[in-house]
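Reviewing the structure listed below.
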Amino acid sequence: MKRLLMLLIFLGTCIWAVSAIEAGFTLGTFSGGSNFNLAPDGTFVKTGFIAGISPRIEVESSIIGEITPNLYQTILLKSSFSYALLSPIYYLGDKDPLYLNMWISLGMIHSLPFSDSYGPFITFTPLTSGGSQFLRKERVASLSLYYDVPSRKVGFFFELFTLDFFFS
């Protein structure tokens, strides 16, 4: 557990350090299921940092908090590496990237306190519009497959929309 915390702190530090490349903050929704150990029924909001570390790879580190029915009773930490499937998110030359894209992500999610659910996940985002060159990106209908290590169960979580705002 201590290693995971150190990894999350390291990843957050790396995101801040590479902010000169393509960096910003993210805001979105999060939803688990009623039989899901990670997050109970309710409304969740996600916020964090995002950084493009190569023309096709982004790193995201975020915190997810329960809004309803019990404000911040459940808190999750999420970190991931995402790969742009259709085109690079930016070019180093004068060429413009595609406005629409698709993403595949791998990462870890962990509930607080650290004795509860945690595990790896894979996410597919079928529709993304915008990008860092437009200073905003919208991700729609991200579906994630999650493996809960302590209970040895597989579950899903869903992010209806996520907005990424990039620094100029």
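A crude spin-label estimate for the pair Phe167 and Phe25, with each label 7 Å from Cα along the Cβ direction, gives 1.2 nm.
Fully extending the segment from Leu98 to Ile63 would add 9.7 nm, taking 0.36 nm per residue of separation and subtracting the current Cα-Cα distance. Candidate cross-link partners of Lys137 among the aspartates and glutamates, defined by an alpha-carbon separation under 17 Å and a same-chain spacing of 8 or more, comprise Glu22, Glu58, Glu60, Asp96, Glu159, Asp164. Between the amide H of Ile53 and those of Glu58, Val59, distances stay under 5 Å, these residues lying 5 or more places away or on another chain, with hydrogens modeled in the peptide plane.
The numbers here are math on the coordinates, done by the rules we state, and not lab data. Here the structure is a predicted model, which means the values were calculated and not measured. Glycine also receives a Cβ, built like all others from the backbone with ideal geometry; neighbour counts cover every protein chain displayed.
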